[in-house]
Amino acid sequence: MVGEVSKKLELSPEYIVEEILGLYRDIRKLSEEEILYGTSDLNRELFRKLDFLVNLEIEDVIAWNILQKKELEPVFAEINRFRNLYTVKLETEHANEILVSDSPWAVLKNFPFYGNYLKLVRTEYEGLGLSPGDRVFFLGSGPLPLTLIVFFQQHGVKSTGVEQDTVRANLSKKVLGKLRLSEVIKIINGNHFSLNGEGFALNPDAEIKALMIAAQAEPKKEIFEHLLEVMPAGSRISCRIYEKGLRRMLNGDCLFDLPEGFDEQARVDPEPPVYNTVVFLEKKR
């Protein structure tokens, strides 16, 4: 049984590292199938412990020093693998509940992180200067495309999601059909190489107003290198990252710096219940 971190213990760097290593020792034993399809309560407890750890209130300099330790890079990669897969599990289970429900919208709104998406999407809608009727692309839409659903439901913004896993892409299409959103939200089974920059431009007649990149879309460095080659000048991009404290551990490349070739327009720090920092960029002219 995995116990929660005691709040009474001093949060020294050594203690935090030992907690991270303890979590890693439990997670590394789990196969992808066990994480995605397992019914054990252990995975739920591991996910809760990870969530608790990354939200510890510690100084950024302490978190930075921990995350810079080269010997911990494989540990962070394994923890990130677990979190991404378990998130897919949660979304997949909820998507399937929607498909069999007579009240799909009610089920959708019961998703544990639904409130997070409402606030996060509003941040992106305002930060990208969008209007009802606009269309955006979203890289990494997943089996339950909540971002895209909320964008249309709350703001009237149409969208196209890009999901690289075929099963997840097909499931998300079924969910959109159940919610009767297939006409305004499209799903492409592909990855960042599916984007060729067509339709993106900073002008009123542009078909696609912006590209958004999910926090789980990886590898970030490769994605941005490709976008730098294909996106036209003036293209607007928003990217979700984990930046506060130990949340950086949840980035595939936790110390990744945004590349040259893009101007950072704004950076919005998370406020509860949102975990993600949102970085707004524009491709240089």
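For the range 152-179, a residue qualifies if it is under 17 Å from His94 (Cα atoms) and either without any contact (Cβ under 8 Å) to a residue 40 or more places away in the chain or of a type in the set (Phe, Trp, Tyr) (or both), and the qualifying residues are Val167, Ala169, Asn170, Lys173, Leu176, Gly177.
Regarding Glu33, is this residue open to solvent by 30 Å² or more (accessible area, probe 1.4 Å), acidic (Asp, Glu) and assigned to a loop (DSSP other than H, G, I, E, B)? In short, no.
Is it the case that Phe193 is under 19 Å from Phe280 (Cβ atoms), open to solvent by 10 Å² or more (accessible area, probe 1.4 Å) and either at pLDDT 95 or above or not in a loop (DSSP other than H, G, I, E, B) (or both)? In short, no.
Looking at Val121, Val75, which is the one that is surrounded by 14 or more Cβ atoms within 10 Å (Cβ to Cβ), in a helix (DSSP H, G or I), hydrophobic (A, V, I, L, M, F, W, C) and touching a residue at least 40 places away in the same chain (Cβ under 8 Å)? Can you show your working first?
Numbers: Val121 fails: touching a residue at least 40 places away in the same chain (Cβ under 8 Å).
Unique residue meeting the criteria: Val75.
Just checking, does the range 229-236 include any residue being part of a helix (DSSP H, G or I), open to solvent by 30 Å² or more (accessible area, probe 1.4 Å) and either within 17 Å of Val121 (Cβ to Cβ) or in the same structural domain as Phe151 (by the TED database) (or both)? Yes; the residues of the range 229-236 include at least one that is part of a helix (DSSP H, G or I), open to solvent by 30 Å² or more (accessible area, probe 1.4 Å) and either within 17 Å of Val121 (Cβ to Cβ) or in the same structural domain as Phe151 (by the TED database) (or both). Taking every residue in the range 124-148 that is in the same structural domain as Glu183 (by the TED database) and surrounded by fewer than 23 Cβ atoms within 10 Å (Cβ to Cβ) and pairing it with any residue that is β-branched (Val, Ile, Thr) and part of a loop (DSSP other than H, G, I, E, B), at least 6 positions away or on another chain, the pairs with Cβ-Cβ distances below 7 Å are Tyr125/Val157; Leu130/Val157; Pro132/Val157; Asp134/Val157.
Okay, residues lined up against (1) under 18 Å from Tyr275 (Cβ atoms); (2) assigned by the TED database to the domain that holds Gln216; (3) among the β-branched types (Val, Ile, Thr):
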position: Asp26; (1), (2), (3): no, no, no
position: Ile35; (1), (2), (3): no, no, yes
position: Thr39; (1), (2), (3): no, no, yes
position: Phe47; (1), (2), (3): yes, no, no
position: Phe52; (1), (2), (3): yes, no, no
position: Leu56; (1), (2), (3): yes, no, no
position: Lys70; (1), (2), (3): no, no, no
position: Val75; (1), (2), (3): no, no, yes
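The values are calculated or read from the model by the stated rules, or taken from the named source; none is laboratory data. Just so we're clear, the structure is a prediction, and the values are computed from it rather than from any experiment. Quick reminder, even Gly has a Cβ in these numbers, built from the backbone with ideal geometry, and neighbours come from all protein chains shown. For accessibility, only protein heavy atoms count, side chains too; no ligands or nucleic acids. Shrake-Rupley method; radii C 1.70, N 1.55, O 1.52, S 1.80 Å.
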